[in-house]
Amino acid sequence: MNLSSIIEEYIHELLIDNNYVEVKRNDLANHFSCVPSQINYVISTRFIPELGFYVESKRGGGGYIKISKVELDDEDYITHIIGKMGDKLSQNVASIYLNNLLLYNVLDEKTVRLINIAISDKSLESVNKLDRDKVRADIFKCLIINLI
């Protein structure tokens with residue numbers, strides 16, 4: 001597991017019992033022996049509104065990051081994801097969406113694994129590389145809408 005995933009998992013664990021968590025960027029960076037920009041990267045790519053999060057950031061000496069979970073029911077969450085996704089979807093972003101759908105018990109592990117396989121670069125090997133993210137988005141949307 002890479003450092004970004006470890007940091008993400010740690011923050012998710014902090015969010016298990018609460019709807020929000022306040023953390024100091026430098027404290028997290030020290031905890032994980034990384035630079036603060038690594039923390040920024042994780043928060044800006046993995047705790048975004050499309051994934052059900054709201055982030056407030058206060059910079060400066062006493063600065064903090066407040067990450068809040070946005071409570072949506074399954075159907076609203078799917079509608080939100082599809083609305084924000086656009087017409088292209090990278091394999092990496094699709095995996096993040098699917099991991100969150102699993103984390104929030106919208107989909108089970110087996111279903112997430114199957115969707116990941118169906119939209120993987122390996123499965124889309126015969127599709128022109130320039131068109132893969134478009135085809136992946138179409139397949140993802142179709143599968144998710146029909147599963148919910």
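Throughout, read-outs are computed from the coordinates displayed, never taken from laboratory work. Here the structure is a predicted model, which is why all the values come from computation and not from measurement. Here Cβ is always computed from backbone atoms with ideal geometry, including for glycine, and neighbour counts include all displayed protein chains.
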Quick note on 85, 1, ordering by fewest other C-beta atoms within 10 Å, gives 1, 85
Over the range 3-69, the quotient of the Cα radius of gyration and 2.2 N^0.38 Å is 1.01
Between residue 90 and residue 114, Cβ-based FRET efficiency (R0 25 Å, step 0.05) works out to 0.85
Assuming R0 = 25 Å, what is the FRET efficiency of residue 105 and residue 135, from their Cβ-Cβ distance, to the nearest 0.05? 0.35
Would you please calculate the Kirkwood hydrodynamic radius of the range 74-147 over all C-alpha pairs and express it in Å, rounded to one decimal? 12.3 Å
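Helix-only mean residue ellipticity at 222 nm, the chain, DSSP H runs n ≥ 4 weighted -39,500 (n - 2.57), per residue, nearest 500. What is it? Could the numbers behind the result be given before it?
Values: 7 runs with 82 residues, N = 148.
That comes out to -17000 deg cm²/dmol.
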Treating the chain as a set of equal point scatterers at the Cα positions, no solvent, please give the Debye-formula log₁₀ I(q)/I(0) at q = 0.14, 0.18 Å⁻¹. -0.73, -1.08
Report the label-to-label distance for residue 30 and residue 121 in nanometres (one decimal), using points 7 Å from each Cα along the Cα→Cβ vector. 3.9 nm
How far apart, in nanometres, would the label points at residue 45 and residue 76 be if each is projected 7 angstrom from Cα along the Cα-to-Cβ direction? 2.9 nm
